[in-house]
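Novice: Below is one structure. I have some questions about it.
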Amino acid sequence: MEQNSMTEPLLSVVISTYDHVKYIEQCINSALMQRTDLPFEILIGEDESTDGTREVCKRIADEHPDRIRLFLRSREDVIYIQGKPTGRYNLLNSLNAAKGKYIALCDGDDYWTDPLKIQKQVDFLEANPDHSICFHRAMLEQNGQLVPDSITEPRFDLIKERPVGISALLEHGNLMHTNTVVFRNFRENLPFELFSAPMADYLFHVISASKGFIHRLDDAMSVYRVGVGIFSSKSEIETHHAIVVNQAHVLSLLTKEEHRMIALAKFDRSLNTYIKVIEQNATEDSNLLKRKSGRDILRLLFKKITFKK
């Protein structure tokens, strides 16, 4: 169910939220505070939270009917990945509803800090049609403290070539946090891989980078909360399992041989790391790996991907 509508925007801000009652108002307000001369809309996908998040979203949407489109999702539509419920249905349907030429993402537990953020990013993309992604630096919030980004910064620092292209993204992994990115809305059918990949943000970046270059602005204009999201709560084995499965989805997306070779090497390294982690933890899966073929190992990797219709 959607609440509210408005005229055509240049940019769509897509906020996905579930059980973020402590954070969602700060997230939405960080989008509302944007000072810009470009028309933009805010799409909030609320995934039927149990903690009062929905009520907060409805209140704020009612206060800003000219800016916010609120989508009230049902848990009956949730997509399960690796046996666990996700917000994928919520996110993908919000993206399908986005009207803007450009899209900015922000999870409901994160927030922006610069009121000129989207203006700076859209200005760059408007002036550089050969680029499909513009992102910026971020700060991390750990245990209530803001600290420099130790996740994506080291990866980006390894890249020497400019402009940055898809090869660097495939080689070094995800270079940007979700709430730092503005990308072109190519208005294409979403590939099926997005419905089952454990980490959709990286796949979005790969898809966008296949159509243009990537540019980073040096300003830190958002905060990414560490240890709050679903992925942050995974065990070591679950994390490496998700990485391997995600790499397989990336391989499925790619069409150019040079890109597939880079992704295949990355997949091989990730698979070897995953097997070592399993062996070190002496789990039941470890015993399976010792007596299974390579084909059976791949079946083990993918056995938890299911859908709830």
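Novice: Within the range 36-55, take every residue that is in contact with a strand residue (DSSP E or B) (Cβ under 9 Å, 6 or more places away or on another chain) and of a type in the set (Gly, Ala, Ser) and give me the one that is surrounded by the most Cβ atoms within 10 Å (Cβ to Cβ). Reasoning before the result, please.
Specialist: Taking the range 36-55 and keeping what is in contact with a strand residue (DSSP E or B) (Cβ under 9 Å, 6 or more places away or on another chain), we get 36, 38-49, 53-54.
Then keep just the ones that are of a type in the set (Gly, Ala, Ser); that gives 45, 49.
Working: GLY45: 25, SER49: 20.
It comes out as GLY45.
Novice: Let me ask something additional. With the requirement that a residue be of a type in the set (Val, Ile, Thr) and assigned to a loop (DSSP other than H, G, I, E, B), what does the range 70-86 give you? Reasoning before the result, please.
Specialist: Quick first cut of the range 70-86, residues of a type in the set (Val, Ile, Thr) only: 78-79, 81, 86.
Answer for the range 70-86, where residues must be of a type in the set (Val, Ile, Thr) and assigned to a loop (DSSP other than H, G, I, E, B): VAL78, ILE79, THR86.
So that you can scan it fast, the table gives a plain yes or no per residue for (1) within 24 Å of ARG137 (Cα to Cα); (2) modelled with pLDDT of 95 or more:
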site	(1), (2)
PRO191	no, no
VAL228	yes, no
LYS234	no, no
ILE243	yes, no
LYS256	no, yes
ALA263	no, yes
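Novice: Looking for whichever is in the same structural domain as ILE42 (by TED's automatic domain parsing), of a type in the set (Phe, Trp, Tyr), at pLDDT below 95 and surrounded by fewer than 19 Cβ atoms within 10 Å (Cβ to Cβ) here; the options are PHE186, PHE124. Which one fits?
Specialist: Answer to the selection: PHE186.
Novice: Then there's this: Say we look at the range 270-286 and pick out the residues that are surrounded by 13 or more Cβ atoms within 10 Å (Cβ to Cβ) and among the charged types (D, E, K, R); which of these is modelled with the highest pLDDT?
Specialist: Filtering the range 270-286 for residues that are surrounded by 13 or more Cβ atoms within 10 Å (Cβ to Cβ) and among the charged types (D, E, K, R), the one modelled with the highest pLDDT comes out as GLU279.
Novice: Here's a follow-up. Identify, by number, the condition in (1) of a type outside the set (Gly, Ala, Ser); (2) within 25 Å of LYS22 (Cβ to Cβ); (3) modelled with pLDDT under 95 that ASP157 doesn't meet.
Specialist: (2)
Novice: For the range 145-174, enumerate the residues that are touching a Ser or Thr at 6+ places or on another chain (Cβ under 8 Å) and buried (at least 24 other Cβ atoms within 10 Å of the Cβ).
Specialist: ILE166
Novice: Here's another thing I want to ask about it. In this structure, is PHE124 assigned to a helix (DSSP H, G or I), over 24 Å from SER12 (Cβ atoms) and out of contact with any Ser or Thr (no Cβ under 6 Å at 6 or more places or on another chain)? Write out each step before concluding.
Specialist: Working: assigned to a helix (DSSP H, G or I): yes; over 24 Å from SER12 (Cβ atoms): no; out of contact with any Ser or Thr (no Cβ under 6 Å at 6 or more places or on another chain): yes.
When the stated conditions are applied, PHE124 does not pass them.
The values are calculated or read from the model by the stated rules, or taken from the named source; none is laboratory data. The structure displayed is predicted, hence computed values, not measured ones. Cβ atoms come from the backbone with ideal geometry, glycine included; neighbour counts cover every protein chain shown.
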